[in-house]
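The values are calculated or read from the model by the stated rules, or taken from the named source; none is laboratory data. It should be emphasised that the depicted structure is a prediction, and the values quoted were computed from it without experimental measurement. Neighbour counts run over all protein chains shown; Cβ positions are idealised from the backbone, glycine included. Side chains are part of the model used for accessible areas, which takes the heavy atoms of the whole protein and leaves out ligands, DNA and RNA. Shrake-Rupley method; radii C 1.70, N 1.55, O 1.52, S 1.80 Å.
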Amino acid sequence: MSTGQEQRQRQLWLLRHGATEWALNGRHTGSTDLPLLPQGEEEARALAPILTRLSFAAVFSSPLQRARRTCDLGGLGGQMQIMEDLLEWNYGDYEGITTPEIRETVPDWTVWTHGCPNGENADQVQARCEKAIATALAAPGDGDVALFAHGHILRALTGTWLGLGAAGGRLFKLGTASVSILGWERGQKAIARWNAPTDPGV
C-alpha cells in the first residue's frame, strides 16, 4: 500500500464525554442519564477549537445526554447522528456502584473479565463495537468520523479495532473529554493518538 493510499484511509476520532458527578467519584454510569457537571461542560467546550477546524464525513453520538452535550459544546452538534451501539456498557446490577464496592463480594472483579449480572459481558459489548466500527467506516463521503461516547465502550471499541477483543480495552486508560484517534500504520489498524487532553497545561 502506498503512502498516499494510507493517508486516505478513514480514521475514527474517539471523544469521551466531559466530567459527570459519577465519573469523578468512580461510580459505574451506564444507562443512568446524568448531565455534565459545569467542569464537564468546560472540558467539552475545549474540544471545539480542535474539532471545528476539521471536516468529518460523519459524527455519531451515544443517545445519552452527557455524550450529546459534549458533541454540541465541541462544535459538531449540527452533524450529530445518534448511534445506539455507542451506549455505555450495561452494568446491570452494578449500575451506580464502584469497583471497590463490587470487590467486597467478588474480590477479583473487573468489567473486562467478569461482566455484569443482568447487564453485559465483554463478548456482548464486542458485538456492539464491531457494528459501530462497521457503521463508521461505511459512512458516505470523504474524511474521518467522530464518535462521542463513554469510557468503557470507547476502550472496548479500541480493543476491538486492534484485534484484541473488547476485553483488550482494559489496557487503555481514558480521561473525560479526551481526544483519541484510531488509525492505520502500513495498512494495519493502529492507534494514532490516545487520551490526549485538550488542556495544554495537563
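For segment 100-115, filtered to residues that are of a type outside the set (Val, Ile, Thr) and assigned to a loop (DSSP other than H, G, I, E, B), the residue that is nearest to PHE148 (Cα to Cα) is GLY115. Taking the stated definitions as given, is GLY187 open to solvent by 10 Å² or more (accessible area, probe 1.4 Å) and either of a type in the set (Asp, Glu) or within 23 Å of GLY18 (Cα to Cα) (or both)? No. Taking segment 131-170 as the range and being open to solvent by 40 Å² or more (accessible area, probe 1.4 Å), more than 23 Å from ALA19 (Cβ to Cβ) and either part of a helix (DSSP H, G or I) or without any contact (Cβ under 8 Å) to a residue 24 or more places away in the chain (or both) as the test, the residues that pass are LYS131, ALA134, THR135, LEU137, ALA138, LEU164.
Quick one: would you say LEU76 is open to solvent by less than 30 Å² (accessible area, probe 1.4 Å) and under 15 Å from the mean Cα position of the chain (by Cα)? It is false that LEU76 is open to solvent by less than 30 Å² (accessible area, probe 1.4 Å) and under 15 Å from the mean Cα position of the chain (by Cα). Residues that are among the hydroxyl-bearing types (Ser, Thr, Tyr), at least 1 per element: which helices (runs of 4 or more DSSP H) completely within segment 13-99 meet that? The qualifying helices (runs of 4 or more DSSP H) are 65-73.
Scanning segment 171-202 for residues that are outside any loop (DSSP other than H, G, I, E, B) and among the aromatic types (Phe, Trp, Tyr), we see that the one that is farthest from ARG66 (Cα to Cα) is TRP184. Could you check how many residues of segment 10-31 are polar (S, T, N, Q) and open to solvent by less than 40 Å² (accessible area, probe 1.4 Å)? The number of residues fulfilling the criteria is 2. When every residue of segment 171-180 is checked against the conditions, at least one turns out to be within 28 Å of SER55 (Cα to Cα) and basic (Lys, Arg).
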